[in-house]
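The structure appears below as structure tokens.
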Amino acid sequence: MTDELTELSFTVSGRVARPVAEVYEAVADPEQLSRYFTTGGARGRLDGGDDVSWDFADFPGRFDVHVLEADPPHRIVIRWDGDAATADDGKTTTTFEFEAIDDGRRTLVTITESSWHATARGAKSAFGNCEGWTGMLVALKAWVEHGINLREGFYR
């Protein structure tokens, strides 16, 4: 038996003090997503089978995003380009899971992204995306709970 590392993935999570449907909507709705995460704007709702795009001030240029699955208010699965990704098409898969907790008063948001080659280049890309999704969770919490855009002016 070997413990050889063949690919990289990660999971981050956080709790938001709002009902699951409200938190899900803040991720699926491009208008809201543009207010706290996609500093250059989101185009298209995260509905299953749709192609949308995201733009970021810190990574200029449009990112094409394909929505594999949308199960409101529980789950969204997307695919998008990833440097050093293991998939033949050069894309990674990101899954957002929304779980009602504390009798529905709060939501546990879990984001998992996979997968990259277990190389220095793959690690750099995975760590960068892990940082990005962690920042997204913090910004989501501030936006949904307090109406504050933490990313405004952060990257420009």
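Computed from the coordinates by the stated procedures, all read-outs in this text should not be read as laboratory data. Keep in mind it's a predicted model, so treat the numbers as computed, not measured. Here Cβ is always computed from backbone atoms with ideal geometry, including for glycine, and neighbour counts include all displayed protein chains.
With the largest listed first and rounded to whole Å, the semi-axes of the equivalent ellipsoid of the range 81-156 from the Cα gyration tensor are 28, 17, 9.
Over the range 102-141, the hull volume per residue, using the convex hull of the C-alpha atoms, is 63 Å³. Going from the residue with the fewest nearby Cβ atoms within 10 Å to the one with the most, Lys124, Lys141, Lys91 rank Lys124, Lys91, Lys141.
Computed on the Cα atoms alone, the convex hull of the range 18-146 gives a volume of 97 cubic angstrom per residue. If the chain linking Phe10 and Thr110 were pulled fully straight, counting 0.36 nm for each residue of separation and taking away their Cα-Cα distance, it would gain 35.0 nm. One decimal place: the segment Asp47-His74 gains 8.5 nm when fully extended, by the rule 0.36 nm per residue minus the C-alpha distance. Taking a point 7 Å from the Cα of Ala87 along the Cα-to-Cβ direction, the residues of the range 39-77 with backbone N closer than 16 Å to it are 47-54, 63-70, 76-77. To test your reading of the geometry: what angle, between 0 and 90 degrees and rounded to tens, separates the Cα axis of helix 120-146 from the longest principal axis of the chain? It is inclined by approximately 0 degrees.
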